[in-house]
Amino acid sequence: MKRALENLLGIGSVQENVVLAPYTTMQLGGPADLFVEVTSAGALAHAIKTVRELDLPHFLLGCGANVVIGDAGFRGVVIYNAAQNIEFDGNQVTAESGTIVYPDLIEASVARSLSGLEHYVGIPSTVGGALWQNLHFLSPAPARERTMFIEEVLEHADLITAENDLQRVDVDYFEFGYDYSILHRRNDIVLRATFRLTPAQEVDLRKVMTENLAWRALRHPPLDTEPSVGSIFKKIQGIGAGRLIDECGLKGASFGGIVITHRHANIMINQGGGTAADLQALVAYVQKEVATQTGYHLETEIDFVGEFDPPTGGSPVFLPRPAGLITAEELAARRKA
Ligand SMILES: Cc1cc2nc3c(=O)[nH]c(=O)nc-3n(C[C@H](O)[C@H](O)[C@H](O)COP(=O)(O)OP(=O)(O)OC[C@H]3O[C@@H](n4cnc5c(N)ncnc54)[C@H](O)[C@@H]3O)c2cc1C
């Protein structure tokens, strides 16, 4: 399999048995049989076309901020997207789909006094991942009256479609919704995206960035010391999943190295040595407890990729709340008061 792929992608371009945990924000995941890093949109299109023609199972990985990869790894080819060229043309910016949204794309735009992307500061994402999930965050302080979505500034995107055609599509093509785009149901791959930005004062954009980073720092575990995959469960008809989990008294529950952080009931962190099997056990435990206590079924909003060992057995251990910690739920209650 490796030789066939290298014949088409270039000698030395394919690595074997690459452990995927370091490529994900939760630091979970076993080895990919084969691993190809692409550094341009052209190379990404070529790699996708090649694995499709060879009929090899494959998966495209961005920042790994919305995926949990199984401990047994991935049987096939992981294509790691490091295509990161950024070009400005007036008020528009075109970024290859492996571009890191923050800091790279946001800093480049804000330094040119262009507004539209600054809201998404601090969120781990590539441009491709951002379109896959319709990246979102609250509108600026103090009102924070609505959720803003990256679709609002998308002009068009270049795809290699599920049928292997190169095609430019506009925003309507994506059927964007909350945590949803057509990429969930069609095997199209984003090669690059063009965003339509608006001239603004850099100082005003920096203010939004500072406020949003401060908001996030109070509510979200820092990725470098408390690795996570962001929110685990979807909202239910306007009811926060975190609120339900908190009301059921599940904060601090842990299996192995994975724990529900006391900071935010909808976020699980890897305390070190955590496994995907621990995470799956904790997810199943939360779903069962919340269903029993409230009647609601929580659905996960993350992608599970690759091969999984059976979930860790036994009962959860409850870890105490660290002294002095203010939780996201308490901050939300203070805002409403
Ligand atoms: C601490 C933390 C905080 C977060 N906060 C937020 C938040 O405030 N708002 C929010 O919206 N999200 C948030 N998230 C979720 C996450 O950041 C987003 O979903 C992000 O867009 C994922 O991008 P990625 O590059 O990591 O995608 P990955 O996790 O690598 O991939 C996700 C999916 O997208 C597919 N994909 C990736 N690139 C492409 C492409 N070029 N073409 C087609 N499909 C592709 C992958 O194959 C995979 O199925 C948070 C996550 C973390 C860890």
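Values in this text are rule-based calculations from the coordinates and carry no lab data. Treat the numbers as computed from the prediction; the structure is a model and nothing was measured. A quick note on method: Cβ atoms are made from the backbone with ideal geometry, for glycine too, and the neighbour counts reach across all protein chains shown.
Scanning the range 30-57 for residues that are buried (at least 20 other Cβ atoms within 10 Å of the Cβ) and touching a helix residue (DSSP H, G or I) at 6+ places or on another chain (Cβ under 7 Å) turns up LEU34, VAL36, VAL38, ALA47.
When you check LEU282 against the structure, is it in contact with a helix residue (DSSP H, G or I) (Cβ under 7 Å, 6 or more places away or on another chain) and closer than 29 Å to ALA217 by Cβ, yes or no? So LEU282 does not fit the description; no.
Could you list, in sequence order, all residues of the range 68-92 that are assigned to a strand (DSSP E or B), within 12 Å of the ligand (Cβ to nearest atom) and touching a helix residue (DSSP H, G or I) at 6+ places or on another chain (Cβ under 9 Å)?
VAL68, ILE69, VAL78, ILE79, TYR80, ASN81
Highlighted here are the strands (runs of 3 or more DSSP E) found entirely within the range 110-210 that include at least 3 residues which are more than 9 Å from the ligand (Cβ to nearest atom) and either in contact (Cβ under 8 Å) with a residue 12 or more places away in the chain or of a type in the set (Phe, Trp, Tyr) (or both): 154-160, 166-170, 189-196.
Can we say LEU331 is in contact with a Leu (Cβ under 8 Å, 6 or more places away or on another chain), buried (at least 18 other Cβ atoms within 10 Å of the Cβ) and not small (Gly, Ala, Ser)?
So LEU331 does not fit the description; no.
Only strands (runs of 3 or more DSSP E) whose full extent lies in the range 217-299 are considered here, and the ones with at least 1 residues that are closer than 25 Å to GLY73 by Cβ and within 16 Å of the ligand (Cβ to nearest atom) are 228-231, 258-260, 267-270. Does ALA43 satisfy being outside any strand (DSSP E or B), away from the ligand (no atom under 16 Å from the Cβ) and not basic (Lys, Arg)? Criteria not met by ALA43.
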